[in-house]
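Bear in mind these aren't lab numbers, they're just calculated from the coordinates by the rules spelled out. Given the structure is predicted, the values throughout are model-derived calculations rather than measurements. Here the Cβ positions follow ideal geometry from the backbone for every residue, glycine too, while neighbour counts run over all protein chains shown.
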Amino acid sequence: MTVKELRQKLSGLDQSTKVVVWWERNGDSTLLDIHEVSLARGTPKRDANNKPGFEFDGNGPVVWLFITVAGG
């Protein structure tokens, strides 16, 4: 998802609406609070099991927005 797509989805919502992350994993669901939003430069990577990852590197080819969550 891009910032533009996220903005479109959020447009029109009441600005006082609380935002949380709903995470489903192994049949369980957890609600997580958003603590921070930040930009980081680096290189997208995949591990041996083809899971997505990111190598943080100030000279990397892309900038991603990261959302830090906690809870559960």
Dimensionless Rg/Rh of the stretch 20-71, both radii on Cα and Rh by Kirkwood, sits at 1.06
Placing each pseudo-label 7 Å from Cα in the direction of the beta carbon, Met1 and Asp14 end up separated by a distance in nanometres of 2.1
If amide H atoms are modeled at 1.01 Å from N in the peptide plane, then the residues at a separation of 5 or more from Gly60, or on another chain, having amide H under 5 Å from its own are Gly42
Given Cβ charges of +1 for Lys and Arg and -1 for Asp and Glu, the option among Phe54, Phe66, Thr30 whose Cα lies farthest towards the positive end of the dipole of the stretch 20-71 is Phe54
Treating only Lys and Arg (+1) and Asp and Glu (-1) as charged, each at its beta carbon, one finds that the chain has a dipole about its Cα centre, in Debye to the nearest 20, of 240
Check: C-alpha center the stretch 1-29 vs C-alpha center the stretch 40-69, spacing in Å is 21
